[in-house]
Amino acid sequence: MNRPIRNLAVACMVLFLALMANATFLQFFEADSLNSLSKHDENTRVKEAAFSEPRGQIIVDGKAVARSKKSDDRFKYQRVYPFGAEYAQLAGYFSRTRLGGLEASQNKVLTGDAPGLFVNRVLDLLGNQPPQGGNVVLTINAKAQKAAYDGLKALGNNTQGAVVAIEPSTGRILAMVSSPTFDPNRLATHDVTKSDSIYKRLLDDKLNPLNNRAIEERLPPGSTFKLITASAALSSGKYTPNSLVPGGSVLNLPQTSHDLTNENHSSCGGGQITLTRALEVSCNVAFGTVGLRLGADALRTQAEKFGFNAHSYFHDLDDPLTSQVQSQFPSNVDAPQTALSAIGQASVTATPLQMAMVAAGIANNGRVMLPYLVNEIRSADLDVIKPIAPKVFNPEAISPSVARQLTDMMVSVVDNGTASSARIPGVKVAGKTGTAQSLPNRPPYAWFVSFAPSVNAKVAVAVLVQDAGVDRNAISGNGLAAPIAKAVMEAVLNQ
Amino acid sequence: MSTATGPAERRGPAGALLQFVHRRRRGAELYLLVLSLAVGIGAYAAVGLGAQGRVPADIYSYGGWLALLIVAAHVVVRWKAAYADPILLPIVAALNGLGLAMIHRIDLGMKVRNPDYSALAPSQLIWMTLGVGLFITVLVLLRDHRRLQAFTYTSGFAALLLLVMPLVPGIGRNIRGARIWIHLGPLSFQPGEVAKVLLVIAFAGYLVLYRDALALAGRRFLFVDLPRGRDLGPILVMWLISLGILVFQNDLGSSLLFFGMFLVMLYVATERPGWLIVGGAMFMIGAYLGYLVIGHVQTRVDAWLHPFPVTTGTYQIVQGMFGMAWGGLTGRGLGLGSPQSTPIASSDFILPALGEELGLTGVLAIILLYGLLVERALRTALICRDNFGKLVATGLGVVFALQVFVVIGGVTKLIPLTGLTTPFLSQGGSSLVANWVIIALLLRISDQARRPPPEFVDTGSDLDSTQVVMMR
């Protein structure tokens with residue numbers, strides 16, 4: 001009987017080897033993924049541990065916008081947000097039961113578990129210190145962020161809108177504000193019932209204060225989309241800034257009995273106007289015509305070069321509670337819809353981040369950079385562990401010469417056209433207004449995109465005011481959105 | 001002729017390299033037991049330090065009691081089974097001590113969440129005492145394992161009776177979908193655990209008697225030699241009944257265990273690998289049918305294949321996985337993890353709890369300890385001189401191997417989850433006591449196997465006179 005027993009022994013050995021291999025897989029290879037809060041935000045162990053350790057800071061321009069303060073209760077540390085609502089959607093929030101924003105997406109760095117911080121953890125262990133978290137330094141420009149936040153706040157606490165500012169040459173996000181917003185300090189309280197009820201109230205709020213409208217809201221961009229139509233026009237070779245286009249007050253849309261009219265139902269200045277003039281006064285008739293001549297495919301291709309229909313190019317705020325949306329240019333577009341799409345209506349939608357990327361791309365000679373929010377990762381002692389390098393999204397969305405022509409056109413929009421509120425003395429500002437229609441019973445959306453200075457731009461901004469509780473007639477890109485953009489640009493340029 | 005009177009050394013002629021030296025090795029066992037006690041008591045102290053910041057106040061009485069039990073067991077082994085395998089007892093002592101410490105740690109964690117929680121560690125300690133007591137009793141009362149052969153049919157019927165008991169209304173209870181418990185007053189008891197041991201003895205006894213008939217006589221059916229009905233019949237019936245009971249009781253893990261045990265013992269007794277192939281095929285078919293028909297099985301398989309997104313059915317296994325991942329390579333440290341977050345961590349999920357606090361290192365060590373246990377049992381079977389002992393040792397060893405594989409595989413998502421307990425680690429009295437009895441049996445068999453063969457004492461050169469044989 002010994003032979004079968006020996007065979008069984010080998011079989012048992014195989015079984016046990018399988019067990020050991022599987023355990024190794026689970027505890028070594030898969031461990032990182034299971035411990036990641038962005039993938040598994042239901043992992044209470046990671047959350048609770050994070051809550052009782054000194055967490056790293058989130059830093060903007062040398063100041064902490066999120067830090068841990070020693071507290072007397074059993075959790076030892078209290079998370080504090082010195083700037084409160086100004087950085088709410090960015091820094092996020094950190095409560096016992098949930099994390100959001102950068103607190104979630106950068107959790108591994110902040111708790112000190114990230115691979116790059118391993119050596120520091122070992123040193124802490126040897127030195128008998130509790131493991132320190134790493135620090136996250138953002139690309140944000142503090143003054144620009146404040147200008148954006150104050151600008152939206154001035155329109156009212158319930159204003160729905162967003163501001164995104166990007167540094168065109170690198171893709172660094174200089175400001176990102178969404179309104180309405182909330183105070184993360186209230187969510188960070190150690191009292192779970194209180195934190196949960198506040199969170200529930202924020203969730204139930206119809207105005208969605210937890211939403212980061214800069215990346216989670218997509219709306220028709222309206223006339224700001226004409227920048228893309230113009231890019232396509234100039235790139236096609238069929239148009240130059242001085243080409244003549246129809247400038248009447250009405251455009252007959254083919255295949256329908258509807259007509260395309262201009263914003264205030266007036267004429268754009270005559271039977272034929274230059275493309276530049278059409279952009280200056282934001283002529284729907286002109287751009288509708290141009291769109292029809294170029295065709296939907298050309299428009300879509302151009303839009304995609306700037307980032308429309310792309311799956312996701314911004315990952316720094318990836319966490320389970322954020323649902324970033326894709327800016328879209330639709331696929332099956334018939335002729336009347338082509339004309340409407342060319343002026344940024346119909347089914348075209350864009351996020352404020354996307355429109356900022358468009359402006360930044362134009363500003364950067366046609367080279368579109370990937371937007372990013374995290375600039376550096378540092379150890380607890382503030383040694384730089386990992387600097388983040390800029391990356392390119394599209395090396396040539398438009399050629400440098402087209403970019404220059406379009407920039408000049410945009411400068412004249414500010415100097416001679418609808419974007420007068422964005423003028424900054426001594427600086428050439430390039431901009432474009434937009435007033436997007438939504439539904440007949442809803443007020444239009446006010447958009448504004450711009451960059452300054454027009455040569456070697458330092459900042460590109462997109463502002464969206466979705467609803468400011470003002471009268472329909474008082475809504476315009478120039479009136480509501482442009483002043484905020486101007487404040488942000490000035491904040492960056494005056495440093 | 002031999003003149004040796006000392007116990008261990010047997011000197012053969014010079015140059016006899018192949019002579020097997022029969023050593024008692026009790027000193028080695030004592031040394032290993034000291035290490036095991038260090039593990040058990042050290043773990044208990046570490047749990048207190050980690051979870052409460054101080055060594056538990058009762059460390060001396062706890063440590064003293066554990067030491068007393070282990071030393072008592074060791075003394076009895078020295079006295080009654082001097083040649084037994086020296087590694088089995090230390091392995092079991094270490095596992096039991098570790099299990100106690102972890103159950104205590106989970107108690108501490110649960111008490112923080114829910115002040116009304118009743119601690120499980122004290123009862124586990126009582127069961128351990130009972131287990132060691134039974135261990136000593138078996139070693140003292142059973143001097144020759146071959147005596148058990150006489151109880152072949154009795155064990156079989158007793159086992160079936162025990163398996164049926166939970167189905168009797170009044171004393172049987174349905175817990176978490178499985179009807180495997182009986183409640184006698186305040187005590188709850190899993191008769192299936194005892195039935196397991198009895199069935200091994202019953203199968204072994206039967207197979208020893210009929211192994212030749214089973215292996216040789218029979219008819220050929222489709223390239224496979226089937227034994228005669230009258231030989232295989234009784235044992236097949238016994239097996240089918242026990243399986244049927246298990247399926248009705250919804251204890252599919254145990255039915256898998258019994259099935260495997262039967263097949264393996266048949267294979268070893270008849271030396272025909274055909275049994276394993278046929279049995280393997282039957283198992284696959286049975287498992288697939290079970291999956292199609294029994295909802296319980298479907299939930300378990302679904303939870304195994306798709307644990308995310310988390311639902312009530314997958315919550316437990318997901319918490320176990322999170323716990324183990326949180327432990328990583330070296331674990332969080334005893335008392336510093338959160339094993340109580342996994343439901344029923346003290347029994348079903350004791351291994352992920354240990355994985356969380358002791359890390360992959362700890363888990364691999366535990367798996368190796370179990371592997372060593374199985375290896376010692378199979379080694380005993382190899383060197384055992386009688387077929388009954390071989391079969392019993394193989395049966396018990398393979399039962400351990402299968403059970404450990406099914407349990408640890410289930411909680412680490414290698415295979416679907418079942419309801420089996422982790423031997424010596426899980427909280428659960430019947431399982432612990434039954435396993436101590438198994439160890440006693442194994443030590444008894446290994447003592448017999450490792451003992452030097454009886455010496456012949458030459459009283460004279462008279463070839464016709466009765467020879468005196470001296471047994472040690």
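Do you know which residues across segment B:283-314 are assigned to a loop (DSSP other than H, G, I, E, B) and of a type in the set (Ser, Thr, Tyr)?
B:311, B:312, B:314
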Legend entry - Looking only at segment A:370-388, and only at residues there that are modelled with pLDDT under 90 and part of a loop (DSSP other than H, G, I, E, B), the one that is surrounded by the most Cβ atoms within 10 Å (Cβ to Cβ): A:379
Legend entry - Residue identified as closer than 30 Å to residue A:67 by Cβ, among the basic types (Lys, Arg) and out of contact with any helix residue (DSSP H, G or I) (no Cβ under 8 Å at 6 or more places or on another chain) among A:391, A:386: A:391
Inset, instruction - Being of a type in the set (Ser, Thr, Tyr) and surrounded by 24 or more Cβ atoms within 10 Å (Cβ to Cβ) is the filter; apply it to segment B:341-365 and report the residue that is nearest to residue B:121 (Cα to Cα). - result: B:346
Legend entry - In segment A:456-480, the residues that are of a type in the set (Gly, Ala, Ser) and either free of Cβ contacts under 8 Å to residues at least 60 places away in the same chain or under 18 Å from residue A:264 (Cα atoms) (or both): A:474, A:476, A:477, A:479
Legend entry - Residue list for segment A:1-45, restricted to those being at pLDDT below 85, more than 7 Å from chain B (Cβ to nearest Cβ) and out of contact with any Pro (no Cβ under 9 Å at 6 or more places or on another chain): A:33, A:36
Inset, instruction - Among the residues of segment A:177-204, count how many are surrounded by 14 or more Cβ atoms within 10 Å (Cβ to Cβ) and of a type outside the set (Phe, Trp, Tyr). - result: 17
Inset, instruction - Could you grab the pairs with beta carbons closer than 6 Å, sequence gap of 6+ or different chains, first residue in segment B:274-287 and closer than 17 Å to residue B:240 by Cβ, second one surrounded by 12 or more Cβ atoms within 10 Å (Cβ to Cβ)? - result: B:275/B:263; B:275/B:266; B:275/B:267; B:279/B:263
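Filter the strands (runs of 3 or more DSSP E) completely within segment A:30-116 down to those with at least 1 residues that are surrounded by fewer than 20 Cβ atoms within 10 Å (Cβ to Cβ), free of Cβ contacts under 8 Å to residues at least 24 places away in the same chain and out of contact with any helix residue (DSSP H, G or I) (no Cβ under 8 Å at 6 or more places or on another chain).
Ranges flagged: A:63-70.
Could you say which residue among A:315, A:258 is loosely packed, with under 15 Cβ neighbours inside 10 Å and within 30 Å of residue A:364 (Cβ to Cβ)? Please lay out each step first, then the result.
Numbers: A:258 fails: within 30 Å of residue A:364 (Cβ to Cβ).
Going through A:315, A:258 in turn, just one is loosely packed, with under 15 Cβ neighbours inside 10 Å and within 30 Å of residue A:364 (Cβ to Cβ): A:315.
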Inset, instruction - Name, by its number, the condition in (1) touching a residue at least 12 places away in the same chain (Cβ under 8 Å); (2) in a loop (DSSP other than H, G, I, E, B) that does not hold for residue A:304. - result: (2)
Inset, instruction - Just need a number here: residues in segment B:366-400 that are closer than 14 Å to residue A:6 by Cβ and either out of contact with any Lys or Arg (no Cβ under 6 Å at 6 or more places or on another chain) or surrounded by fewer than 22 Cβ atoms within 10 Å (Cβ to Cβ) (or both). - result: 13
Legend entry - Failed criterion for residue A:10 (all others in (1) farther than 23 Å from residue A:321 by Cα; (2) within 30 Å of the chain's Cα centre (by Cα) hold): (2)
Inset, instruction - Filter segment B:35-58 for residues that are farther than 21 Å from residue B:425 by Cβ and free of Cβ contacts under 8 Å to residues at least 24 places away in the same chain and give the result. - result: B:53, B:54, B:55, B:57, B:58
Inset, instruction - At least 1 residues that are acidic (Asp, Glu) and facing another protein chain (nearest Cβ under 9 Å) in each: list the helices (runs of 4 or more DSSP H) lying fully within segment B:315-429 that qualify. - result: B:350-383
Inset, instruction - For residue B:88, indicate whether it is touching a residue at least 40 places away in the same chain (Cβ under 8 Å), within 20 Å of residue B:30 (Cα to Cα) and touching a Lys or Arg at 6+ places or on another chain (Cβ under 6 Å). - result: yes
Legend entry - Matching option when the condition is modelled with pLDDT of 95 or more, in a helix (DSSP H, G or I), over 24 Å from residue B:384 (Cβ atoms) and of a type in the set (Val, Ile, Thr), among B:70, B:91: B:70
Inset, instruction - Please verify whether segment A:140-161 includes one or more residues that are modelled with pLDDT under 90, surrounded by 23 or more Cβ atoms within 10 Å (Cβ to Cβ) and in contact with a Pro (Cβ under 8 Å, 6 or more places away or on another chain). - result: no
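The values are calculated or read from the model by the stated rules, or taken from the named source; none is laboratory data. In this text the structure is predicted, and so the values were computed from the model without any measurement. Glycine also receives a Cβ, built like all others from the backbone with ideal geometry; neighbour counts cover every protein chain displayed.
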